[in-house]
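To start, the structure itself, in structure tokens.
The values are calculated or read from the model by the stated rules, or taken from the named source; none is laboratory data. The model shown is predicted, which means the values in this text are computed figures rather than measured ones. Glycine gets a Cβ as well: all are built from the backbone with ideal geometry, and neighbour counts include every protein chain shown. SASA here: full protein model, heavy atoms, side chains in, ligands and nucleic acids out. Shrake-Rupley method; radii C 1.70, N 1.55, O 1.52, S 1.80 Å.
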Amino acid sequence: MLAGVVILSACASMNKPGNATPAIEADRPDFTESPETVRPGFIQAEGGYTYSRVESGSSQSIGELLVRVPAGARTELRVGFNSYTIEHASGVTKRGFEDIEIGTKVRIVEQEARSIVPTVSILMLSTLPTGRAGIGSKEMQPTAKLALGWQLSEKNSLQSNTNYTYASEDGMRFSQWATSASLGTEFTPRLETFLEWFGTSPASLGASRADYLDTGGAVKFGSSVRLDARIGINARTSMNYFAGVGLSYRW
């Protein structure tokens, strides 16, 4: 699979458009997926690190690598390589790789100016049972996402997702919904921030709903490099929090 990404990267580099390249955009670090797709002629990789704390322990996610490959003017293929996870809970430590995720994003409505009609994309994704036992799942976890985006003003934008996952846990299937809204502000062409709410219902099999608030920002270097950071809490208990940093690169 890695060899395939290298080959695709080489092909993309031979087909870069000659006009000015817009600044890089990414689907991280917030929970909300952007409706934008990677421009044809380029490959984009996004990755990072997240530390999470809950009442019963903590976890670290190292890698979070997402590779996005254009498959048309409004379509991209996506491969989420499995992060290495370290979990501490009740005196027990588990280490190993998470499941790989594959999918596609298709932009079906595009709005470049301010409008009540948003830019709209649909994402179809699924994990593959490739992770370590106890960290990954033994079953595929198919997910559909509706991604919406509005340009509110020259510097402010709003993005929202509605997600459905046919989840599997302990050998049982259940429906899991997630919704989110992320308000972004571009202070300068290089610096942007966001404020986000997102929730999942149920949070896991037999659990209640979980809601989160987070904020963060990103700094762009040239048109192809973007550094980001975020911090957030569980809106129902401040004892649960998370923080992370990341890097996105387009070539």
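Observations on the model:
- Conditions (1) in contact (Cβ under 8 Å) with a residue 12 or more places away in the chain; (2) aliphatic (A, V, I, L, M); (3) within 22 Å of GLN159 (Cβ to Cβ); number of the one not met by VAL117: (1)
- ARG74 meets each of the listed conditions (1) at pLDDT 95 or above; (2) within 14 Å of the chain's Cα centre (by Cα) apart from (2).
- Considered as a group, the residues in the range 52-80 that are of a type outside the set (Ser, Thr, Tyr) and closer than 14 Å to ARG132 by Cβ include one that is least open to solvent (accessible area, probe 1.4 Å), and that residue is GLY63.
- Matching residues, the range 22-44, being open to solvent by less than 20 Å² (accessible area, probe 1.4 Å) and either in contact with a His (Cβ under 8 Å, 6 or more places away or on another chain) or aliphatic (A, V, I, L, M) (or both): ILE24, ALA26, VAL38, ILE43
- Considering (1) in contact with a strand residue (DSSP E or B) (Cβ under 8 Å, 6 or more places away or on another chain); (2) at pLDDT below 50; (3) not in a helix (DSSP H, G or I); (4) not charged (D, E, K, R), the lone condition that PRO17 does not fulfil carries the number (1).
- In summary, VAL117 fulfils each of the numbered conditions (1) outside any loop (DSSP other than H, G, I, E, B); (2) open to solvent by 60 Å² or more (accessible area, probe 1.4 Å) with the single exception of condition (1).
- When LYS145, LYS155 are screened for being buried (at least 16 other Cβ atoms within 10 Å of the Cβ), within 21 Å of ASP228 (Cβ to Cβ) and in contact (Cβ under 8 Å) with a residue 12 or more places away in the chain, only LYS145 passes.
- Whichever residue in the range 158-168 is buried (at least 17 other Cβ atoms within 10 Å of the Cβ) and farther than 19 Å from VAL106 by Cβ and, among such residues, is modelled with the lowest pLDDT: SER168
- Checked across the range 47-70, the condition of being at pLDDT 95 or above and assigned to a loop (DSSP other than H, G, I, E, B) holds for no residue.
- Those residues of the range 71-103 which are out of contact with any Lys or Arg (no Cβ under 6 Å at 6 or more places or on another chain), part of a strand (DSSP E or B) and of a type in the set (D, E, K, R), in sequence order: LYS94, ARG95, GLU101
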